[in-house]
Amino acid sequence: MSFNPQFARIGEILLHNNVVSEDQIKEAIIKQNNFGLKLGETLIKLGYLTEKDLLTTLHEQLECQLIDENELMDLDESIVKLIPEPFATENRVIAIKEEAGKIVVAMTDPENIIIQDSLKKIIGKPIIPILIGENTLTDTLERYYKSIRTTSQVEDAVDNFDFVAVDDDENEISIDSQADADAPVVKLINLIITEAIKSNTTDIHIEPLTKETRVRFRIDGALREVMSPPIGMHAGLVSIVKVMSKLNIAERRLPQDGHISLKTAIKSVDVRVSITPTVTGEKIVMRLLDKGDFGFDLATLGFNDENSTMFAKWIRRPYGIIIVSGPTGSGKSTTLHAALKEIKDVETNIVTVEDPVEYRLDGITQIETNSKIGLTFGKSLRSVLRQDPDIVLIGEIRDEETADIAIKFSLTGHLVFSTLHANDASSTVTRLIDIGIKPYLVASSLNLVIAQRLVRKICEHCKADYTPTAVELDEAGINSEEAKDINFKIGTGCVHCDNTGYSGRTGIFEILEVNAEIRKLIFEGANQDLIYDAAMKNNMHTLNESAIQKMKHGLTTIKEVIKLTVSD
C-alpha cells in the first residue's frame, strides 16, 4: 500500500521522509508535555528538526499552500491592518494580500476553523488560509505592526503639532508646552527612544535636512532611517532633549554634551547626548548604554580556539598591561568587561575607571569620571592607588598622564586593562610611545595587544551562495586560486533581518603577544613595520586574515571583509 501523508500523523510523515529518527520521535513525545508544545515544535526545540522541514511536512499533510517568504518583504500595510494587532498576535495570523475579492491570511494553524470564522467577521470578506512558520510569523508581525504603530504615532504627533521652536527674532520657545506629556514633540521623542530600545539600537541620530528631520538608528553597526518628521518639529525636538539632559537650551552655537537616565518596562538605559551645531541646525546623537546585566562572556565574543586560549592565559597573569585597540564602536569595552567577568572572584579586588561606565558588573568597583566637577581620569586613578587594587581597568588611555599612571600600576605588581584608538596591533605599540611614554617603559610593562573590529553576521534565514567579482577578490586580498576553495555566502534580505541580509555581529581579532624579541624591538625604539614583521614571524593573524576565516566559515560576507579590513 502506498503511503498517503494526508491520512498520517506528523511523526509518521517525518519518519517516512527520513527527516528524524524513531528515537528522536520517542524523546519528543516524552518531553512535549513538559514543553507545552506540539510534536513538531518540540522536535525543533530539541534541535532535531528545522522549521523549514516542519513546514514542508505540514504542507504534505494538510495540502495547504505554503507561504512564499519573498512575498513578506513588501506587504501592503493597509491589508495587514485589516486584522487588529492583538488578534493577530494571539491567534498567530497575518493578512498578506487581496486576491479576487478574498483576503489571503497566513496562519500557523490553517486548519483552525474557529479562527477562520472569526477572521471572516473581522475582515468582512472571505479568506484564503495559507501556512506560515512560527518564527517567520513572529518576525513578520513585529516588522509590520511596529511600522503601523510608529507611522500612526508619528502622524498623530505631526497632526497635533501647532507650535514652532523659535520665533522670527530667534527667541527660544517656552518650555511650558513641552512639559505637557501630551505635547506632540514630547510624544515624538518618547516614541523615538522607545523604538530605539526595542530595536537594540546603539545610537540614535536626529539630524536636520533641508525639508525634513531625519531619524536614524544604528543597529548591528549600520545606520537605518526609521522616520522623517517635518523640519518644523526639529527645534522643538532639540529643546526637549536639552531639557531632559540638563543642557543650556539657549546655546545654539556651541556643541554640548549631557546624559539622560531612563527606566523603561524593557530595561534601564543611560543615554549619552551630544548636540552639535551644523549649517542646517543642531544635530543630536544619543548613545544608548544598557544598565542591565552584562550578557557577554569570552565564549560569545568570536575568538577562535587558539586566540581564546591565548587571551585566557594572559588575563590571568599577575601584572602587566593588556590593551585592546580599535575605532569607536568596535567592541573594545565589551571584550575587556568579558575578561573581567571571567577572572573576578572574592579574593581579587578589581577597580575600573571609565567615561562612561558602559556595563555594570556585580562584584567589581566601577568609577565613572566627571570632568565637570573635576573628577578626571588622572584624579580617579590616583585615588584608586589607595583602594588596594589587584586589577585595574582604565576605560581609555587618552593622554600621557593616563598612560603614565597605567605604566606605573603595571610596574608595581598590578594587572592593567585598557583601550586605545589605533588601526592595528603594531601601531598600538608605537601610539603609546607617541603619547609620550618612554620605549623602555612600554617594553617593560606591555603583555598583550589586541586590535579588533566587529563584522556583521549573515542572516541564517536568507543565506545564499554568492560569486564575488574580481575587484572584490583583489580588495579582500584573496587570489583566484584561493577563491576556488571558498563557498562565498551573502544574505539576500528577508523579514527576519529587516531586509538587510545581516543579523548580529561577531568579533575579528589581531593578537600581538609581546615576547622577548618584540620587547627588545620596542626597547630599541623600532617602528611599527619592524614590530609587525616580528609579530607575523610569531604566527600573528591579521584582522584581514581573521575576517577571511569568518567568511570561509559562512559567518560573514566578502563585503564586510573589504569594509572593515585592509589586505597586505
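The values are calculated or read from the model by the stated rules, or taken from the named source; none is laboratory data. Please read all numbers here as calculations on a predicted model, not as lab measurements. Note: ideal-geometry Cβ built from the backbone for every residue, glycine included; neighbour counts use all protein chains shown. To get the accessible areas, we keep the full protein, side chains included, count just its heavy atoms, and leave off ligands, DNA and RNA. Shrake-Rupley method; radii C 1.70, N 1.55, O 1.52, S 1.80 Å.
How big is the Rg/Rh ratio for the chain, C-alpha atoms only, Rh by Kirkwood, two decimals?
Details: Rg = 28.1 Å, Rh = 27.6 Å.
Here Rg/Rh amounts to 1.02.
What's the angle, to the nearest 10 degrees (0 to 90), between helix 51-62's Cα axis and the longest principal axis of the chain?
Roughly 0 degrees between the two axes.
For the stretch 237-260 and the stretch 116-154, what is the separation of their Cα centres, given in Å?
Their Cα centres are 40 Å away from one another.
Expressed as a fraction of 2.2 N^0.38 Å, the rule-of-thumb size for a compact globular protein of N residues, what is the C-alpha radius of gyration of the stretch 430-479?
Working: Rg = 20.0 Å, N = 50, 2.2 N^0.38 = 9.7 Å.
It is 2.06.
Among K198/K246; K81/K121; K52/K550; K198/K291, which pairs are too far apart, with a Cα-Cα distance over 21 Å?
Details: K198/K246 25 Å; K81/K121 15 Å; K52/K550 25 Å; K198/K291 15 Å.
Correct reply: K198/K246; K52/K550.
In Å³ and rounded to a whole number, note down the convex hull volume per residue for the Cα atoms of the stretch 224-266. Show your work: numbers first, answer last.
Values: hull volume 5.6 nm³, N = 43.
Cα-based convex hull of the stretch 224-266, divided per residue, equals 131 Å³.
Show which lysines lie in cross-link reach of K379 when reach means a straight Cα distance below 20 angstrom and same-chain residues fewer than eight apart are skipped.
K408
Rounded to whole Å and sorted largest first, what semi-axes of the equivalent ellipsoid does the C-alpha gyration tensor of the stretch 178-313 yield via the square root of 5 times each eigenvalue?
Working from the Cα gyration tensor, I get semi-axes of 33, 16, 15 Å.
Going from most exposed to least, what order do D434, D270 have by accessible area with a 1.4 Å probe? Could you put the intermediate results ahead of the total?
Numbers: D434 115, D270 10 Å².
Order by accessible area, largest first: D434, D270.
Taking 35 Å as R0, compute the FRET efficiency from the Cβ-Cβ separation of D74 and F35 and round it to 0.05. Each step should come with its number before you reach the end.
Numbers: r = 35 Å, r/R0 = 1.00.
E(calc), rounded to 0.05, equals 0.50.
Any chance you could give the angle, 0 to 90 degrees and rounded to 10, that helix 22-35 forms with the longest Cα principal axis of the chain?
Long axis of 22-35 versus the principal axis of the chain: about 80 degrees.
Using only Cα atoms, find the angle between the long axis of helix 425-435 and the longest principal axis of the chain, and express it within 0 to 90 degrees, rounded to the nearest 10.
It works out to around 40 degrees.
Please list H414, H553 in order of solvent-accessible area, largest first, computed with a 1.4 Å probe with all protein chains present. Write out the running numbers ahead of the final one.
On the way: H414 25, H553 130 Å².
The ordering from most to least exposed comes out as H553, H414.
How big is the accessible area of D388 in square angstrom, nearest 10, if you roll a 1.4 angstrom probe over the protein chains?
Approximately 120 Å² for this residue.
List the cysteines in the chain whose Cβ has no other cysteine Cβ under 4.7 Å from it.
If one checks each Cβ against the other cysteines of the chain, C64 turn up with nothing under 4.7 Å.
Quick one: accessible surface of Y466, probe radius 1.4 Å, all protein chains present, in square angstrom to the nearest 10.
60
With only alpha-carbon atoms counted, please give the Rg and Dmax of the stretch 195-255, in Å.
Cα radius of gyration and Dmax of the stretch 195-255 are 12.6, 35 Å respectively.
Per residue, how large is the accessible surface of the chain? Use a 1.4 angstrom probe and give square angstrom. Present the calculation step by step, with values, prior to reporting the outcome.
On the way: 27980 Å² over 568 residues.
Heavy-atom SASA per residue in the chain reads 49 Å².
Could you rank S426, S268 by how accessible they are, 1.4 Å probe, largest area first? Present the calculation step by step, with values, prior to reporting the outcome.
Working: S426 5, S268 40 Å².
Order by accessible area, largest first: S268, S426.
Debye calculation, C-alpha points only, no solvent: report log10 I(q)/I(0) for the stretch 77-139 at q = 0.17 Å⁻¹, in the same order as the q values.
Values, matching the q order: -0.48.
Rounded to the nearest 5, what % of the DSSP beta bridges within the chain are antiparallel ones? Please list the in-between numbers first.
Working: 55 of 85 bridges.
The answer is about 65 percent antiparallel.
Could you work out the helix-only [θ] at 222 nm for the chain, with each DSSP H run of four or more residues adding -39,500 (n - 2.57) and the total divided by the number of residues, to the nearest 500 deg cm²/dmol? Please list the in-between numbers first.
Numbers: 23 runs with 224 residues, N = 568.
Rounded to the nearest 500, it is -11500 deg cm²/dmol.
Could you look at the chain and say what percent of its accessible area is carbon and sulfur, using a 1.4 Å probe and all protein chains? Working shown, then result.
Values: 13620 of 27980 Å².
So the carbon and sulfur contribution to the accessible surface is 49 percent.
At 1.306 mPa s and 10 °C, plugging the Kirkwood radius over alpha-carbon pairs of the stretch 288-445 into Stokes-Einstein gives what diffusion coefficient in µm²/s?
Once the numbers are plugged in, D ends up at 99 µm²/s.
Relative contact order for the stretch 1-144: what is it in percent, counting Cα pairs under 8 Å that are at least 6 residues apart? Mind showing how you got there, number by number?
On the way: 169 pairs, mean separation 29.3, N = 144.
Dividing the mean separation by the residue count of the stretch 1-144 yields 20 percent.
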